[in-house]
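Trainee: Sending over a structure as C-alpha cells; questions will come in a sec.
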Amino acid sequence: MKVLLGLVWLMHWLPLPVLGRVGTGVGSLLFLVLRKRRHIALTNLRLCMPELSEAQRVVLARQHFQSYSRSVWERGILWWAPQARLRRLIKVEPGVPLAQIAAQPTILLCPHFVSLDVAGVAVMLETSLCSIYVPQKNAVFDEVLRKGRSRFRPVQLFSRKEGVKPILRAMREHLPYFMLPDMDFGDKDAEFVPFFGIPAATLTAPGRIAAATGAQVIPVVATFLPNYTGWKVTFYPAWEHYPGDDMAESARRMNAFIEERVREAPAEYFWTHKRFKTRPPGEPSPYLKQ
C-alpha cells in the first residue's frame, strides 16, 4: 500500500490530461480482470437500463470502470495539490452556497458518482463540514484518506455505529452535513422505493434528519469536465417542501432526483455497488449467477 500511495503521490505532479488518460487505460484493463465487479455492474445496468442492448451495456460498463479508475488516480491531486491548482481545475456552479449554509442547518446530499470526493473538496475549500466515515481496512490508506479529506479545514467525521446524535449536534453548531445517501445498507431505517423502477432499500435518514433539525437539503453532484480538463461541481436549489410527512415518499423523491442526474452522466455513477442487494421478503438476489 505504501508503494501504491507513493506512486499516486508521484503521479499527481503530472498534467491532468496525462494522469486522466493513464487512469482510463488502467480502467480498461480492470474491466477485463475484475470479473465479479464487472458482473455486478452489468447486472445493475440490465435492471436500470433495459432499453439498452447488451452490447451498449457492456460499453457503458467499460466506460464506468475507466471513470472509476481515473477518479482513483486523480485523487492524488485532491490529496496533495495546492489550493491554487484545485481552484483552477474545479469549476463550481453556481458556487458553494455559503450564505444558505450559514442561514440554517444544511444537508449537502451527494450521490455516489465517482468524483464525489471532488464535491467534498469544493466545500472544504470554503467551509468546514461533518460526515459519516467508514474506516478503511488498511491503516496506511486510512490515514492518508483522512488527512486528504481534512487538510484544508477541520472536519468532523463520525462512525455509522455512533448513530445520528453526533450529526445532529454538529448540525446545530452550523456544520453542513455532507451525506452520501444512495447505497444499500440493509432494510434497517430504510424503505423499499423505486430506483429506475426496481424496489431498492433506500435510507430514510435524509428526510428524518431534515425533519428533526429543520435542515434544508441542497443536492451536490461532481462530474468530469470534457477532455480531461477538470471537474464540475453543481449545487442544485434546495428542495422545497421537503421532507413532508411521508418518509417513504421523501425517499422516493430523492431516488427520482438521482435517476435524473445518472442519466446525464451514466458512466460516472457507481454501478459496481450492489445497489439491489437487499430484497423484499421472498425475492432472490439479482446478483446470483444463473
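Trainee: I'd like to know if region 55-69 contains one or more residues that are open to solvent by 50 Å² or more (accessible area, probe 1.4 Å) and farther than 24 Å from Pro266 by Cβ. Before the answer, list the steps.
Mentor: Taking region 55-69 first, the residues open to solvent by 50 Å² or more (accessible area, probe 1.4 Å) are 55-56, 59, 62-63, 68.
Narrowing further to those that are farther than 24 Å from Pro266 by Cβ: none.
No, that holds for no residue.
Trainee: When you scan region 179-199, do you find a residue that is over 15 Å from the mean Cα position of the chain (by Cα), assigned to a helix (DSSP H, G or I) and surrounded by fewer than 16 Cβ atoms within 10 Å (Cβ to Cβ), even just one? It would help to see each step written out before you state the result.
Mentor: The first filter runs over region 179-199 and keeps only residues over 15 Å from the mean Cα position of the chain (by Cα), leaving 186-199.
This time we only want the ones that are assigned to a helix (DSSP H, G or I), so: none.
Looking for residues that are over 15 Å from the mean Cα position of the chain (by Cα), assigned to a helix (DSSP H, G or I) and surrounded by fewer than 16 Cβ atoms within 10 Å (Cβ to Cβ), one finds none in region 179-199, hence no.
Trainee: Of everything in region 247-266, what is in contact with a Lys or Arg (Cβ under 9 Å, 6 or more places away or on another chain) and open to solvent by 20 Å² or more (accessible area, probe 1.4 Å)? Give them in sequence order.
Mentor: Our first condition is that a residue be in contact with a Lys or Arg (Cβ under 9 Å, 6 or more places away or on another chain); within region 247-266, this holds for 247, 250.
If the condition is that a residue be in contact with a Lys or Arg (Cβ under 9 Å, 6 or more places away or on another chain) and open to solvent by 20 Å² or more (accessible area, probe 1.4 Å), then Met247 is the only one that fits.
Trainee: Right, next: Looking at region 116-151 only, could you name the residues that are among the hydrophobic types (A, V, I, L, M, F, W, C), touching a residue at least 40 places away in the same chain (Cβ under 8 Å) and under 25 Å from Pro237 (Cα atoms)?
Mentor: Leu116, Val118, Ala119, Val121, Ala122, Val123, Leu125, Leu129, Cys130, Ile132 - these are the residues of region 116-151 that are among the hydrophobic types (A, V, I, L, M, F, W, C), touching a residue at least 40 places away in the same chain (Cβ under 8 Å) and under 25 Å from Pro237 (Cα atoms).
Trainee: Regarding Leu225, is this residue touching a residue at least 40 places away in the same chain (Cβ under 8 Å) and open to solvent by less than 30 Å² (accessible area, probe 1.4 Å)? Full working, then the answer.
Mentor: Values: touching a residue at least 40 places away in the same chain (Cβ under 8 Å): yes; open to solvent by less than 30 Å² (accessible area, probe 1.4 Å): no.
So Leu225 does not fit the description; no.
Trainee: Let me ask something else about it. Could you grab me the full set of residues in region 256-290 that are among the aliphatic types (A, V, I, L, M) and assigned to a loop (DSSP other than H, G, I, E, B)? Steps first, please.
Mentor: Filtering region 256-290 down to residues among the aliphatic types (A, V, I, L, M) leaves 256, 258, 262, 265, 267, 288.
Hits for region 256-290 are Ala265, Leu288.
Trainee: Still on this model: With the condition kept exactly as written, say whether any residue in region 34-42 is basic (Lys, Arg) and touching a Gly at 6+ places or on another chain (Cβ under 9 Å).
Mentor: Taking region 34-42 as the starting set, the residues that turn out to be basic (Lys, Arg) are 35-38.
Checking the rest, the ones that are also touching a Gly at 6+ places or on another chain (Cβ under 9 Å) come to none.
Looking through region 34-42, none of the residues is basic (Lys, Arg) and touching a Gly at 6+ places or on another chain (Cβ under 9 Å).
Trainee: Residue pairs, Cβ under 6 Å, 6 or more apart or interchain, first in region 89-115 and over 21 Å from Leu78 (Cα atoms) and modelled with pLDDT under 95, second among the acidic types (Asp, Glu) and open to solvent by 40 Å² or more (accessible area, probe 1.4 Å). List them.
Mentor: Within 6 Å, no pair qualifies.
Trainee: If you take the residues in region 153-174 that are touching a residue at least 40 places away in the same chain (Cβ under 8 Å) and over 23 Å from Asp142 (Cα atoms), which one is most open to solvent (accessible area, probe 1.4 Å)?
Mentor: Looking only at region 153-174, we keep the residues that are touching a residue at least 40 places away in the same chain (Cβ under 8 Å), and these are 164, 167-168, 170-172, 174.
Checking which are over 23 Å from Asp142 (Cα atoms) leaves us with 168, 171-172, 174.
On the way: Leu168: 25, Met171: 3, Arg172: 152, His174: 126 Å².
Here the answer is Arg172.
Trainee: Can you pull out the residues in region 1-16 that are in a helix (DSSP H, G or I), open to solvent by 50 Å² or more (accessible area, probe 1.4 Å) and either touching a residue at least 24 places away in the same chain (Cβ under 8 Å) or farther than 25 Å from Asn138 by Cβ (or both)?
Mentor: Of the residues in region 1-16, the ones in a helix (DSSP H, G or I) are 2-11, 16.
Retained after the next criterion (residues that are open to solvent by 50 Å² or more (accessible area, probe 1.4 Å)): 2-4, 7, 9-10.
If the condition is that a residue be in a helix (DSSP H, G or I), open to solvent by 50 Å² or more (accessible area, probe 1.4 Å) and either touching a residue at least 24 places away in the same chain (Cβ under 8 Å) or farther than 25 Å from Asn138 by Cβ (or both), then Lys2, Trp9 are the ones that fit.
Trainee: On to the next question. Go through region 34-52 and count every residue that is part of a helix (DSSP H, G or I), free of Cβ contacts under 8 Å to residues at least 12 places away in the same chain and of a type outside the set (D, E, K, R).
Mentor: The number of residues fulfilling the criteria is 0.
The values are calculated or read from the model by the stated rules, or taken from the named source; none is laboratory data. Bear in mind that the values here come from a model prediction, so they are computed numbers and not experimental data. Note that we place each Cβ from the backbone using ideal geometry, even for glycine, and neighbour counts take in every protein chain shown. The accessibility values were calculated without ligands, DNA or RNA, using every heavy atom of the protein model including side chains. Shrake-Rupley method; radii C 1.70, N 1.55, O 1.52, S 1.80 Å.
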